[in-house]
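Below you'll find the structure, written out as structure tokens, and then a few comments.
We did not get these values from a lab; they are worked out from the coordinates using the rules stated. Here the structure is a predicted model, which means the values were calculated and not measured. Positions of Cβ are generated from backbone atoms using ideal geometry, with glycine treated the same way; all protein chains shown enter the neighbour counts.
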Amino acid sequence: MLLILTTFCWSALACLEYNAGMSKDLELEIDTMVNSYLGVYDIPGVVVLVGHRDSISLHKAYGAIDGKMKMQKDAIFDLASITKVFTASALLKDLESRNLSHHDKVSTVLASYSRAQTKKLTFEDLLRHQSGMQPSVRSSFYELDQNKAWESILAINPKSKPASFVYSDVNYLVLGKALETLQGQGLDKAISKLILRPLGMDSSGFRPMDNLVECQQKCAPTGGDKALGEVHDPTSRHLGGIGGHAGLFASATDLAKFASMFLNEGQFCSKEILSESIVRSMTVKVPYSDRGLGFDITSRYSEKPSGEYFSRGISFGHTGYTGTSMWIDPTLDTYLIVLSNPVHAVNWKRAKKGYLKLIRELATSVGRANSY
């Protein structure tokens, strides 16, 4: 079994060859830009990866992982809300295998959603953040034990009729619970089975100190009051570090495999991970929404990670509160991954502000260079 696993992981890495095709001018521009932002805003460190359909043209680490120890290219970061696109991918894959779709009602899976206020909600309503749910749980949630906490999440009713976009962690907490119900196992195991293992994302997972032997050396800390490998998001942390909205940790190399899959119509290493239909539903804009089924496309949150040159209305991606960003453009055959941990900085608000400026400038430079 070990030999088979080792061979598979090697093959998965071989499908993303390093291609030194990036111009020296662009590489120097990126180096100068990142180092400048690290100095001015006291951001601990950053990993930048620029990739394409089957290759990586830049993968570099800057600064320090904890303010002292040199950042490593294969450092493992708390992805925060980027977890949502993994939940969406896994759920849509499961639904498709059962001849169900995103148009089906959540109540077909979760009995608690059969009540009057939620019985008409579809998976699509939650996936697009158009369910009318409140953005997050109430403060009283943190006083409950884990079982009661889940009961409280599933009892939340929409504040308005499904229609307009309101970004909500509640949506993806519920979607994660639906996936657990369908799979008959924990969300962490379900996402690993359906997405992480098929892609060979061997440095990715929830609760990395439990599951990844390299976490002690490579996990980027997210704050002085949090243990290494402990999720930053308070709701996920209260639920044991596993939630459909936040909790997944990964390296830039692993995220590159995920991004490459979407540039290859759902395939990686010539193996179908997601169907073309799922890829389209997650990434193609529809008239009534600024988001795909999981990915952001043109919502207000898309402006910084997409910069000025990634194709508006065609490119897609997601960001995470801790300082993580992934943006993918099929027109330019390019994706940009920027992973950092500004929330670990002494002045984390200043570092976070700098990080948000940095991802916009990086996206603009990378997009412009690949537009010609």
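Observations
- FRET efficiency for Thr32 and Lys120, using Cβ-Cβ distance with R0 set to 45 Å, rounded to 0.05: 0.25
- Segment Asp225-Arg312, length gained on full extension (0.36 nm per residue, minus Cα span): 27.4 nm
- Trypsin sites (Lys or Arg not before Pro) within region 69-175: DSSP coil, no more than 15 neighbouring Cβ in 10 Å: Lys73, Arg98, Arg115, Lys119, Lys120, Arg138, Lys159
- Spin-label pair Val284/Asp54, simplified geometry with 7 Å Cα→Cβ offset, distance in nm: 2.4
- Taking Asp210, Asp290 and counting other C-beta atoms within 10 Å, the order from fewest to most: Asp210, Asp290
- Of the GluC sites (Glu not before Pro) in region 267-332, the ones in a loop by DSSP (not H, G, I, E or B) with at most 15 other beta carbons within 10 Å are Glu308.
- Kirkwood radius, region 42-176, all distinct C-alpha pairs, inverse of mean reciprocal distance: 17.6 Å.
- For the pair Ser371 and Glu276, label points projected 7 Å from Cα toward Cβ lie 2.9 nm apart.
- Prolate/oblate/rounded label for region 159-285 (Cα gyration tensor, a/c 1.5): oblate
- Residue order, fewest to most beta carbons within 10 Å, for Trp348, Trp150: Trp150, Trp348
- Residue-span extension gain [Gln146 to Lys189] - 0.36 nm each, minus C-alpha spacing: 13.6 nm
- Per-residue Cβ neighbour rank within 10 angstrom, fewest leading, Thr87, Thr319: Thr319, Thr87
- Taking only alpha carbon atoms, the chain gives an Rg to Rh ratio of 0.95, where Rh is the Kirkwood radius.
- For the chain, averaging the sequence separation of C-alpha pairs within contact (under 8 Å, six or more residues apart) and dividing by the residue count gives a relative contact order of 22 percent.
- Annotation for region 92-141: chymotrypsin sites (Phe, Trp or Tyr not before Pro) lying in DSSP loop with at most 14 further Cβ atoms inside 10 Å of their Cβ do not exist.
- Interchain or long-range residues, amide H under 5 Å from Leu58's placed H: Val50
- Computed label-point distance, nm, for sites Ser112 and Lys161 using a 7 Å Cα→Cβ extension: 2.7
- Shown is the FRET efficiency for Glu303 and His103, computed with R0 = 35 Å from the Cβ-Cβ distance and rounded to the nearest 0.05: 0.75.
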